[in-house]
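**Q** The structure under discussion is supplied below as structure tokens; questions concerning it will follow.
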Amino acid sequence: MNDQRTVTIIGAGIVGLCCARTLQRRGRSVTVIDHGEPGRGTSYGNAGILSAGSVLPEGHPGLWKRLPGLLLDRTGPLTFRPGYLPQMLPWLLRFMANTTPGRVEEISKALASIVLPGVQHYVDLLDDVPADQVPIRRQGCLYLYPRPRDVAAAEPDNAARKRRGVAVEILGPDEVRQLIPAIGPDMAGGALATQSGHATSPLALSQLLAAQIEAAGGVFVRARADGFTIGADGPSHVRTDQGDIAVEDVVIAAGAFSKPLAAALGNRVPLDTERGYHMMLPQPEIEVRVPMLISSLGFGVTPMSDGLRLAGTVEFGGLKAAPNYARADILLAHAKRLFPGLKDKGAERWMGHRPSMPDSLPVISRSSRFDRVFYAFGHGHLGLSLGAVTGRMIADLVQDRPSDIDATPFRASRF
Ligand SMILES: Cc1cc2nc3c(=O)[nH]c(=O)nc-3n(C[C@H](O)[C@H](O)[C@H](O)COP(=O)(O)OP(=O)(O)OC[C@H]3O[C@@H](n4cnc5c(N)ncnc54)[C@H](O)[C@@H]3O)c2cc1C
């Protein structure tokens, strides 16, 4: 009986689409509600990295000592909209509480359980698509260290990665130069996370999933969800700007906008946003074969089918403030120093909202109040990497099947 209920997924980002497609492949009828086109939210503009090396939380012990310097550096990886600070304070306090060595260890274990199998879950989810039509490459991801002190600072992180089972090859400057010949003199070394991959177009990946869902009978509804009618046994309808839609099972996957929807369904979660920017360079005139992350500068550089993408930085500024594209310009300035031959003709700038939890762990969970309601949001810096594995975990929860991944660290009731 359970297996015949339609699942309504709110949000057609990479996470919602992966949930919908996985459930559909397991025989469920799915309806996906989004006021925008599939994959055009935050999932559109990310750095595209399917990062198997991201087993460490965003906060780490000792961060508080570096925080003032980070915030005062106007070209640095982190910035605040001052007006938003009071609103963000509770989230920031929770974030800092998660930087103790004990919490970092726990969070890191939980992250490893979902990050390491991340790429393989995409391969499984898309195994009915010819390989040359899947916009994913498995060439690893290079952590690039511009300065000698970055090499030293990365040692504990790389040791922690290895402890968690991440395959990392430490590279000297000559080896990095062989991999990325366009790199300039500002480079002291690197580390290649060989299990990582990247999307050559995050949008094409979402569109591929959406096309598959539609071809297999899934329904897309263009509407903005703004609440629920609650019946005797949970939500009976989702209220939208296009009218009420009857629902059976419900998955909330609305990215950074999930908080009020989850609150209406029984869980108050400390979801906020870390805004990020990209600069897309359609004619970079340099060749970069492998995606890279430059942690000290807070951004990634990824070869995509339509050019080279620089993407990253964190801006605490909430969901409503207009973009400050000077943040994207900073990425370009950094990249030009790293790659002296880089050209920016036709460059395009973009801003998006990472859905961020203060403990760097997503919410992949059943609602605390309603058995037929599920949450798949809060993936922060890792939503693309974790889309397919989240789809798998949500499908297990919806179908009440045992899962090979322990979902306890991701439950909504942990706050
Ligand atoms: C600059 C930057 C770089 C990044 N780089 C990477 C990276 O390299 N690798 C990685 O793994 N992750 C990366 N990320 C993070 C990743 O992009 C996000 O975690 C991921 O896109 C979140 O996906 P989502 O499906 O949860 O949200 P979204 O893509 O935002 O999708 C949510 C959808 O819900 C819809 N929606 C919202 N509210 C409603 C409503 N009320 N009713 C109906 N629909 C609604 C929206 O229209 C949207 O389509 C990056 C993020 C940024 C900003």
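**Q** Residues to consider are 40, 21, 28, 5; find the one that is surrounded by 24 or more Cβ atoms within 10 Å (Cβ to Cβ), among the charged types (D, E, K, R) and farther than 25 Å from residue 193 by Cβ.
**A** Only one candidate qualifies: 21.
**Q** Determine which member of the set 69, 62, 53 is in contact with a Lys or Arg (Cβ under 7 Å, 6 or more places away or on another chain), over 26 Å from residue 261 (Cα atoms) and more than 8 Å from the ligand (Cβ to nearest atom).
**A** Going through 69, 62, 53 in turn, the sole match is 53.
**Q** Name the residues in region 189-205 that are within 15 Å of the ligand (Cβ to nearest atom), within 30 Å of residue 145 (Cβ to Cβ) and surrounded by 21 or more Cβ atoms within 10 Å (Cβ to Cβ), would you?
**A** Matches in region 189-205: 193, 195, 196, 197, 198, 199, 202, 205.
**Q** Would you check if there is a residue in region 318-340 being closer than 30 Å to residue 252 by Cα, within 17 Å of the chain's Cα centre (by Cα) and crowded, with 20+ Cβ neighbours inside 10 Å?
**A** No, region 318-340 has no match at all.
**Q** Name the single residue, out of those in region 375-409 being of a type in the set (A, V, I, L, M) and near the ligand (Cβ under 9 Å from one of its atoms), that is surrounded by the most Cβ atoms within 10 Å (Cβ to Cβ).
**A** 376
**Q** Mind checking whether some residue in region 228-247 is over 21 Å from residue 319 (Cα atoms) and in the same structural domain as residue 301 (by TED's automatic domain parsing)? Steps first, please.
**A** First, the residues of region 228-247 that are over 21 Å from residue 319 (Cα atoms): 228-239, 242-247.
With the extra rule that they be in the same structural domain as residue 301 (by TED's automatic domain parsing), the set shrinks to none.
No, that holds for no residue.
**Q** Also, I was wondering about something else. For region 89-205, please list each of the helices (runs of 4 or more DSSP H) lying entirely inside it that holds at least 3 residues being farther than 21 Å from residue 302 by Cα and aliphatic (A, V, I, L, M). It would help to see each step written out before you state the result.
**A** Values: elements: 101-115, 118-125, 148-163, 173-179.
By residue number, 101-115, 148-163.
**Q** Considering only region 265-273, I want to know if a residue exists there that is under 14 Å from residue 8 (Cβ atoms) and at pLDDT 95 or above.
**A** Checking region 265-273: at least one residue is under 14 Å from residue 8 (Cβ atoms) and at pLDDT 95 or above.
**Q** Would you point out the residue of region 37-75, among those that are modelled with pLDDT under 85 and assigned to a loop (DSSP other than H, G, I, E, B), that is nearest to residue 350 (Cα to Cα)? Please lay out each step first, then the result.
**A** Taking region 37-75 and keeping what is modelled with pLDDT under 85, we get 60-75.
Filter again for assigned to a loop (DSSP other than H, G, I, E, B), leaving 60-62, 73-75.
Numbers: 60: 28, 61: 32, 62: 32, 73: 22, 74: 19, 75: 17 Å.
Restricting to residues being modelled with pLDDT under 85 and assigned to a loop (DSSP other than H, G, I, E, B), the top hit is 75.
**Q** Determine, yes or no, whether residue 147 is free of Cβ contacts under 8 Å to residues at least 12 places away in the same chain, over 28 Å from residue 38 (Cβ atoms) and not assigned by TED's automatic domain parsing to the domain that holds residue 387. So that I can check it myself, show each step before the final result.
**A** Working: free of Cβ contacts under 8 Å to residues at least 12 places away in the same chain: no; over 28 Å from residue 38 (Cβ atoms): yes; not assigned by TED's automatic domain parsing to the domain that holds residue 387: yes.
No, not satisfied.
**Q** Still on this structure, I have one more. Scan region 338-354 and tell me whether some residue there is within 15 Å of the ligand (Cβ to nearest atom), more than 24 Å from residue 135 (Cβ to Cβ) and at pLDDT 95 or above.
**A** Among the residues of region 338-354, not one is within 15 Å of the ligand (Cβ to nearest atom), more than 24 Å from residue 135 (Cβ to Cβ) and at pLDDT 95 or above, which makes the answer no.
Every residue, every condition in (1) within 11 Å of the ligand (Cβ to nearest atom); (2) within 24 Å of residue 128 (Cα to Cα); (3) touching a strand residue (DSSP E or B) at 6+ places or on another chain (Cβ under 8 Å), yes or no:
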position	(1), (2), (3)
15	yes, yes, yes
19	yes, yes, yes
25	no, yes, no
37	yes, yes, no
41	yes, no, yes
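**Q** Any idea how many residues of region 142-161 are out of contact with any Leu (no Cβ under 8 Å at 6 or more places or on another chain), modelled with pLDDT of 95 or more and surrounded by 13 or more Cβ atoms within 10 Å (Cβ to Cβ)?
**A** Matching residues across region 142-161 total 6.
**Q** Moving on to the next point. Does region 212-249 hold any residues that are of a type in the set (Lys, Arg) and at positive phi, and which are they?
**A** None - no residue of region 212-249 is of a type in the set (Lys, Arg) and at positive phi, so the list stays empty.
The values are calculated or read from the model by the stated rules, or taken from the named source; none is laboratory data. Model, not experiment: these values are computed from the prediction. Note that each Cβ is placed from the backbone with ideal geometry, even for glycine, and that neighbours are counted across all protein chains shown.
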